[in-house]
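Worksheet for the structure shown next.
The values are calculated or read from the model by the stated rules, or taken from the named source; none is laboratory data. Keep in mind that this is a model prediction, so the values were computed, not measured. Cβ: placed from backbone, ideal geometry, glycine included. Neighbour counts: every protein chain shown. SASA here: full protein model, heavy atoms, side chains in, ligands and nucleic acids out. Shrake-Rupley method; radii C 1.70, N 1.55, O 1.52, S 1.80 Å.
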Amino acid sequence: MRHLSVWTATADLPSFPSLDDDIGADLVVVGGGIVGLTTALLATQNGFGRVVVLEARTLGAGTTGSTTGKVSAQHGLTYASLSKRLGEEAATQYARANQAGLDKIVELAEQMSIDCELTRAPSYLYTHESSRRKDLIDEAEAANRAGLSAELVTDTDLPFQVASAVRFGDQVHFHPGKYLAGLAQAFVDAGGLIYENSRVQSFHERGGQVHVKTARGAIRAKHALLATLLPPGLTGGFFARAKPIRSYAFAVRLSEQAPVSMSLSIDQPSRSIRPWRAPDGNGLIIGGNGHQTGDSTDEQACYEDLQRWTSNTFDVNSFEFRWSAQDYQTFDQVPYVGKVPLHKSLYVATGFRKWGLTNGTAAAMMVIDQITGRSNPWQKVFDTTRIGDTKAIVEAAGHNLKSGAELTGGHLMRALRSPEPELRPGEGGIVKIKGDTVGAYRDHDGQLHVVRPTCTHLGCPLHWNKAETSWDCSCHGSRFTADGDVLDGPAKAPLHRPHD
Ligand SMILES: Cc1cc2nc3c(=O)[nH]c(=O)nc-3n(C[C@H](O)[C@H](O)[C@H](O)COP(=O)(O)OP(=O)(O)OC[C@H]3O[C@@H](n4cnc5c(N)ncnc54)[C@H](O)[C@@H]3O)c2cc1C
Ligand code: FES
C-alpha cells in the first residue's frame, strides 16, 4: 500500500516555476487548492487583468489533494443545528451557497472540458442507532426548509443495515486532483500566472495596495486573497476562531460490487464512504477517525482501526493508498469568507469543516463579488467579523492550555524518563541529547534529525506524529517535517534547530 493521497498520485498536475522577481498584479491569490484556483479562474473570467497564484509547495499539496472528493450540500448534521442556533434564514443561505458551489463545479468542469470523473450519485447520512433517528428526522426537515431536497429512508445500497438515513439525491463525486489540474490549465490558458514553491512569508497593506513577499520575489497587487486553509501568522485572529481536525483515508479495491452512493455515519467514530474508479473500476474511498490535530493520539492506531473496520465491512481485494489530512472547523460551523477585519484589500476564506469543495467554490464566488462590488446574498452568513460561539472559543483556549500542559508534563516527561532514550530507525520523540532536551527522529537510514519541539506560531509544545513522521501542534494545527520545515497551519517560520 502506498502512503500518499490517491488523488495526487493519479493526477497529472502541471508544474510551474517559483517566483524570483518583483512584479505587479491586479489580484494575487495565495494558495493553490480549490479556493485559490477557483478564485483565480473566476477572476480571469471576470476581466480582472493580471492574476497571479502563489503556492508554497505544489498545486494540490494541501487539503484539496487529500480530500474525500464528495461534492455535496449534505454536510453531516448541519441544517438542524444551523437553523436552531443562527436562524432559518442563515441555514437557507448556507444551503444556497453550497448548492451554488456544487453547480459551479459541474459548470466549470463542463465549460473547461475537465475530465475529472465527475459522477452524479445520492448521498446518505446514516445511523446504526435507533435512538438517533430523531436527529436525522430533524436534519431532513431542516434541510427541506432550507430549500434542499432531503428524504428519510431506511434502505441504502450499503452492505449493512442502517437504523435510519437521510438521502440527498443528485449529488456529485469527482477526482479532485484532476479537477485542480483542469482549473490550473484553464487559468493559465486565460493568461493567469502560477508560481509554485513560493511560500508567502509576509504581507501588508500600504498605499492602497497589498505587498506580498516570498523568499526570492515580491508582488504588489490591488487585492490579495489568502486561500491557505488558515491564514498564516496571526492575521484576523482566525487561528483562535477555528480548530484543526485531522482525518484518515484509504483507497481500496473491492472483490464485490462497490456501492454507487456516497455515505457518512453520524455515529462515532464516523465513517465516510464513496465509490472510487480504481484501475479495474471497482474501488472505494473510506475515511474517518477524525481528531484534533496534534492531540496526544496514536495516529498509527487511527489508521489501523479504520483499516480493520474496512476489512470487516467490505470484501476488500487490496488496500492501495492511505493518507491523512486536516481542515479547520469554526465554532458555529460556518466558514469565514470575505475581507480580513481591519483590511481594505485583503480577503480570506477559511474554516470549511471538511466541506470545502462546495463551501470553497462558493467562497471564490463571494470573494469575486466583494472585490467587484456586487452584492451577494450569502455573504452575511459567512461574515469574517462575527465572533461566533464565544463559549466554544473559551473552551478551545482551555483545550490548548490543557494539551500544552499534557504534552510538557506527560508525554515529554515520559520520554525523558524512558530508560532507553536512544531512538531506533523509524522512531521519533522528545529526547535528551548531551543534556539538551530536543525533538529527534531517526530515519530508516539511521540519520538523526533534531529540532526544538516548540511551535514557531505561538510557542505551544509539539507532538511527534509517528504515522506521518511530522511534528504536530494541537493549539492551531501547525505541522512541521522531521527537519522542521512548515507543512501546514498558521506557522510561518521553520522550527529552530539546536545549533541555531
Ligand atoms: C480528510 C478530509 C476529507 C475531506 N473530504 C471532503 C469532501 O468529501 N468534500 C468536501 O467538500 N470537503 C472535504 N474536505 C474539506 C476540503 O478538502 C477542504 O476544505 C478544501 O480542500 C480546502 O481547500 P483550500 O483551497 O482552502 O485549502 P488547501 O487545499 O489546503 O490549499 C491551500 C494551499 O495553500 C498553500 N499555502 C499554505 N500557506 C501558504 C503560504 N504561506 N504561501 C503560499 N501558499 C501557501 C498550501 O500549500 C496549499 O496548497 C475534506 C477534508 C479532509 C481533511
Ligand atoms: S499552531 Fe499556534 S502555537 Fe502552534
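Data overview
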quantity	calculated
Within segment 401-437, tally of residues that are surrounded by 17 or more Cβ atoms within 10 Å (Cβ to Cβ) and either modelled with pLDDT of 90 or more or β-branched (Val, Ile, Thr) (or both)	4
Pair list, Cβ < 6 Å and 6+ apart or interchain, from segment 226-253 residues that are within 17 Å of Thr39 (Cβ to Cβ) to residues that are among the hydroxyl-bearing types (Ser, Thr, Tyr)	Leu229/Thr63; Leu230/Tyr328; Leu230/Thr350
Among (1) without any contact (Cβ under 8 Å) to a residue 60 or more places away in the chain; (2) outside any strand (DSSP E or B); (3) buried (at least 19 other Cβ atoms within 10 Å of the Cβ); (4) not aliphatic (A, V, I, L, M) - the single one Ser311 does not satisfy	(3)
Single residue of segment 255-302 satisfying the filter (modelled with pLDDT under 90 and touching a Leu at 6+ places or on another chain (Cβ under 8 Å)) that is farthest from Gly177 (Cα to Cα)	Ser296
Scope segment 445-467; condition away from ligand 2 (no atom under 13 Å from the Cβ), open to solvent by less than 40 Å² (accessible area, probe 1.4 Å) and part of a loop (DSSP other than H, G, I, E, B); matching residues	Gly446, Ala467
Only one of Asp472, Asp483, Asp488 that is within 16 Å of ligand 2 (Cβ to nearest atom) and closer than 21 Å to Ser198 by Cα	Asp488
Residue check for Val212: farther than 16 Å from Gly31 by Cβ, assigned to a strand (DSSP E or B) and either out of contact with any His (no Cβ under 8 Å at 6 or more places or on another chain) or open to solvent by less than 10 Å² (accessible area, probe 1.4 Å) (or both)	no
Total residues in segment 60-99, condition farther than 19 Å from Thr350 by Cβ and among the aliphatic types (A, V, I, L, M)	6
Meets criteria (over 14 Å from Pro244 (Cα atoms) and either open to solvent by 10 Å² or more (accessible area, probe 1.4 Å) or near ligand 2 (Cβ under 9 Å from one of its atoms) (or both)) for Arg442	yes
Residue match in segment 365-379 (condition: under 16 Å from Phe331 (Cα atoms), open to solvent by 30 Å² or more (accessible area, probe 1.4 Å), at pLDDT 95 or above and touching a Gly at 6+ places or on another chain (Cβ under 7 Å))	no
Residues being touching a strand residue (DSSP E or B) at 6+ places or on another chain (Cβ under 9 Å), within 16 Å of ligand 2 (Cβ to nearest atom) and either open to solvent by 20 Å² or more (accessible area, probe 1.4 Å) or not aliphatic (A, V, I, L, M) (or both) - total across segment 240-261	5
Residues of segment 50-72 that turn out to be in contact with a strand residue (DSSP E or B) (Cβ under 6 Å, 6 or more places away or on another chain) and either in a helix (DSSP H, G or I) or modelled with pLDDT under 95 (or both), as a count	2
Cross-chain or 6+ apart pairs with Cβ under 8 Å, segment 481-500 first and in contact (Cβ under 8 Å) with a residue 60 or more places away in the chain and closer than 15 Å to Asn465 by Cβ, then within 16 Å of ligand 1 (Cβ to nearest atom) and of a type in the set (D, E, K, R)	Val486/Arg199; Val486/Arg479; Val486/Lys492; Asp488/Arg479; Gly489/Arg479
When residues of segment 475-500 are limited to those that are under 25 Å from Val30 (Cβ atoms) and small (Gly, Ala, Ser), the one surrounded by the most Cβ atoms within 10 Å (Cβ to Cβ)	Ser478
Enumeration of residues in segment 323-342 that are open to solvent by 40 Å² or more (accessible area, probe 1.4 Å) and modelled with pLDDT of 95 or more	Gln329, Lys339
Positions within segment 15-32 being open to solvent by 20 Å² or more (accessible area, probe 1.4 Å) and small (Gly, Ala, Ser), in sequence order	Ser15, Ser18, Gly24
Residue among Leu193, Leu226 that alone is crowded, with 22+ Cβ neighbours inside 10 Å and assigned by TED's automatic domain parsing to the domain that holds Thr8	Leu226
Among (1) surrounded by 20 or more Cβ atoms within 10 Å (Cβ to Cβ); (2) within 15 Å of Thr68 (Cβ to Cβ), the one test that Cys302 misses	(2)
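For every residue, the table says whether it meets (1) assigned to a helix (DSSP H, G or I); (2) open to solvent by less than 10 Å² (accessible area, probe 1.4 Å).
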site	(1), (2)
Tyr124	no, no
Ser131	yes, no
Ile137	yes, no
Ala142	yes, yes
Asp155	no, no
Leu158	no, no
Val162	no, no
